[in-house]
Amino acid sequence: MTKIAVAKGDGIGPEIMDAVLHIFTAAKVPLEYEVVEMGKWVFDKGYSNGMTPEAKQTIETLGILFKGPMETPKGKGVKSVNVTARKTWNTYANNRVFQTLHGVDTVFSKAGIPIDITVVRENIEDTYGGVEHMLTHDVALSRRLITRPGSEQVIRYAFEMAKKKRARRITCGHKANIMKITDGLFLEVFYEVAKEYPALKADDVIVDDLCMKLVTRPDTFDVVVLTNLQGDIVSDLCAGLVGGLGFAPSANIGDHICIFEAVHGTAPDIAGKNIANPTALLLSGIAMLRHLGLMESAAIIENALLYTLEQGVHTGDFGNKAIPALNTTQFADAIISNF
Ligand code: ATP
Ligand code: MG
């Protein structure tokens, strides 16, 4: 049986991870789980990168990490565990899928406008190197790194993924009109790679205009590829289009290691109350099952989830207020009862 590494994370992480693994077990998913020590609490134990050497070793051996949200310890010079993980294992593409879910009301679902957008965000470069310093007491400077190979690997991933899912359109979001050299390079690589995929309609939209178009005509977009920071912002915008952070799954794709996690954070305001919505992590888990070729398990769980949402079953963060909200455990059980 395939074994994967699981890191439950901080805040609501353990609650939503337990709910998802409970659903996986009930669905008889043929996977074994090795729980690894990673997160803010591991950082607090004295491991400066937020993971134990054993955890790192296990993840590198198994190749797949299913991960709960992790808190970044406060303070200067401290790196986010999430960013460290992406960098350590060169998971260069962040794939985030935003789809209309029946039962999750949004202005678009009410208007009958279906949404199915995949955002591919570059995951390593850009301003995320955190190379910034004070030039003088009053002047702060940040450096932005965009490379041709770094751009090419994520753009190529986006085109391959778009081809596999038979996308109609692939769009590059950028600000090359202002950042002519950095975003200009990303855009140039996009059109170079596009030449190898003549069947895909490739175009580009300046990122501010893209935001406006996404909130007015989200149904016209299919796959959107962006640099790191712009991709981060645009993907939260897209999460809002389909009902919020509770419904936004993500996969960090590298050549050797892939990390599956929810887009949202640790939600400290509701942690420990067993009321968090596990859907985003469950959707990430379903994407992980498909990545591992476990199509049947993925379909069973996905159908049960969609049916449960359609019935109006919901946690406190969404849904019809006239129907009482379920807690995290009850919500997971409702999905299981619909297998
Ligand atoms: P972090 O620094 O870890 O990102 P945060 O304070 O930014 O933490 P987020 O996790 O990003 O918090 O969440 C933003 C808001 O969305 C919070 O009010 C949180 O309660 C809510 N939220 C996030 N995830 C969920 C979830 N799975 N279920 C319900 N509410 C959620
Ligand atoms: Mg946050």
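The values are calculated or read from the model by the stated rules, or taken from the named source; none is laboratory data. Here the structure is a predicted model, which means the values were calculated and not measured. Here the Cβ positions follow ideal geometry from the backbone for every residue, glycine too, while neighbour counts run over all protein chains shown.
Please determine whether any residue of the stretch 129-152 is within 16 Å of ligand 1 (Cβ to nearest atom) and outside any loop (DSSP other than H, G, I, E, B).
No; the residues of the stretch 129-152 include none that is within 16 Å of ligand 1 (Cβ to nearest atom) and outside any loop (DSSP other than H, G, I, E, B).
I'd like the full set of residues that are of a type in the set (Phe, Trp, Tyr) and either surrounded by fewer than 20 Cβ atoms within 10 Å (Cβ to Cβ) or within 20 Å of the chain's Cα centre (by Cα) (or both), limited to the stretch 286-339.
Taking the stretch 286-339 as the starting set, the residues that turn out to be of a type in the set (Phe, Trp, Tyr) are 307, 318, 331, 339.
Matches in the stretch 286-339: TYR307, PHE318, PHE339.
For ILE286, state whether it is under 28 Å from MET38 (Cα atoms), among the aliphatic types (A, V, I, L, M) and within 11 Å of ligand 1 (Cβ to nearest atom).
Details: under 28 Å from MET38 (Cα atoms): yes; among the aliphatic types (A, V, I, L, M): yes; within 11 Å of ligand 1 (Cβ to nearest atom): no.
The answer is no for ILE286.
Per-residue answers, yes or no, for (1) more than 30 Å from ARG217 (Cα to Cα); (2) at pLDDT 95 or above; (3) hydrophobic (A, V, I, L, M, F, W, C):
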| site | (1), (2), (3) |
| --- | --- |
| THR72 | yes, no, no |
| VAL83 | yes, no, yes |
| VAL107 | no, no, yes |
| THR118 | no, yes, no |
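Looking at ASP208 and the list (1) more than 16 Å from ligand 1 (Cβ to nearest atom); (2) surrounded by fewer than 23 Cβ atoms within 10 Å (Cβ to Cβ); (3) under 14 Å from the mean Cα position of the chain (by Cα), which single condition is not satisfied?
It is condition (3) that ASP208 fails.
For residues that are assigned to a helix (DSSP H, G or I) and within 13 Å of ligand 2 (Cβ to nearest atom), scanning just the stretch 247-269, find the one that is nearest to the chain's Cα centre (by Cα).
Looking only at the stretch 247-269, we keep the residues that are assigned to a helix (DSSP H, G or I), and these are 247, 268-269.
Right, trim to within 13 Å of ligand 2 (Cβ to nearest atom) and you get 268-269.
Values: PRO268: 19, ASP269: 21 Å.
The extreme case among them is PRO268.
Collect the residues in the stretch 29-54 that are surrounded by fewer than 18 Cβ atoms within 10 Å (Cβ to Cβ) and within 23 Å of ILE336 (Cβ to Cβ), keeping them in residue-number order.
PRO30, GLU32, TYR33, VAL35 - these are the residues of the stretch 29-54 that are surrounded by fewer than 18 Cβ atoms within 10 Å (Cβ to Cβ) and within 23 Å of ILE336 (Cβ to Cβ).
Looking at the stretch 184-201, which of its residues are outside any helix (DSSP H, G or I) and buried (at least 21 other Cβ atoms within 10 Å of the Cβ)?
So in the stretch 184-201, the residues outside any helix (DSSP H, G or I) come out as 195-201.
If the condition is that a residue be outside any helix (DSSP H, G or I) and buried (at least 21 other Cβ atoms within 10 Å of the Cβ), then no residue fits.
Out of the residues in the stretch 224-277 that are among the β-branched types (Val, Ile, Thr) and crowded, with 24+ Cβ neighbours inside 10 Å, state the one that is farthest from ligand 1 (Cβ to nearest atom).
Start the filter on the stretch 224-277 by keeping residues that are among the β-branched types (Val, Ile, Thr), which leaves 224-225, 227, 233-234, 242, 253, 257, 259, 263, 266, 270, 275.
Within this subset, residues satisfying the condition of being crowded, with 24+ Cβ neighbours inside 10 Å are 224-225, 227, 259, 263.
On the way: VAL224: 21, VAL225: 23, THR227: 21, ILE259: 16, VAL263: 9 Å.
The residue in question is VAL225.
Taking the criterion of being out of contact with any Pro (no Cβ under 6 Å at 6 or more places or on another chain), hydrophobic (A, V, I, L, M, F, W, C) and closer than 25 Å to GLY246 by Cα, would at least one residue in the stretch 43-62 satisfy it? Walk me through how you get there before you give the answer.
Applying the first criterion (out of contact with any Pro (no Cβ under 6 Å at 6 or more places or on another chain)) to the stretch 43-62 yields 44-62.
Checking which are hydrophobic (A, V, I, L, M, F, W, C) leaves us with 51, 55, 59, 62.
Filter again for closer than 25 Å to GLY246 by Cα, leaving none.
The answer is no, given that none of the residues of the stretch 43-62 is out of contact with any Pro (no Cβ under 6 Å at 6 or more places or on another chain), hydrophobic (A, V, I, L, M, F, W, C) and closer than 25 Å to GLY246 by Cα.
Is it the case that ILE286 is under 20 Å from PRO114 (Cβ atoms) and either touching a helix residue (DSSP H, G or I) at 6+ places or on another chain (Cβ under 6 Å) or within 16 Å of ligand 2 (Cβ to nearest atom) (or both)? Show your work before the answer.
Numbers: under 20 Å from PRO114 (Cβ atoms): yes; either touching a helix residue (DSSP H, G or I) at 6+ places or on another chain (Cβ under 6 Å) or within 16 Å of ligand 2 (Cβ to nearest atom) (or both): yes.
So ILE286 fits the description; yes.
What is the residue count in the stretch 118-142 for residues that are without any contact (Cβ under 8 Å) to a residue 40 or more places away in the chain and within 30 Å of GLU160 (Cα to Cα)? Let's see the steps before the verdict.
Taking the stretch 118-142 first, the residues without any contact (Cβ under 8 Å) to a residue 40 or more places away in the chain are 129, 131-142.
Narrowing further to those that are within 30 Å of GLU160 (Cα to Cα): 129.
Total satisfying the criteria: 1.
Six or more apart or on different chains, Cβ atoms under 6 Å: show the pairs whose first residue is in the stretch 167-196 and in contact (Cβ under 8 Å) with a residue 12 or more places away in the chain and whose second is of a type in the set (Lys, Arg) and surrounded by 14 or more Cβ atoms within 10 Å (Cβ to Cβ).
Within 6 Å, the pairs are ARG169/LYS201; THR182/ARG144; ASP183/LYS175; VAL193/ARG156.
Which residues, counting only those in the stretch 202-238, are basic (Lys, Arg) and in a helix (DSSP H, G or I)? Explain how you work it out, then say what you get.
Of all residues in the stretch 202-238, those basic (Lys, Arg) come to 213, 217.
Selection gives LYS213 alone.
Here are some conditions: (1) away from ligand 1 (no atom under 16 Å from the Cβ); (2) in contact (Cβ under 8 Å) with a residue 24 or more places away in the chain; (3) of a type in the set (Val, Ile, Thr). VAL83 meets all but one. Which one does it not meet?
(1)
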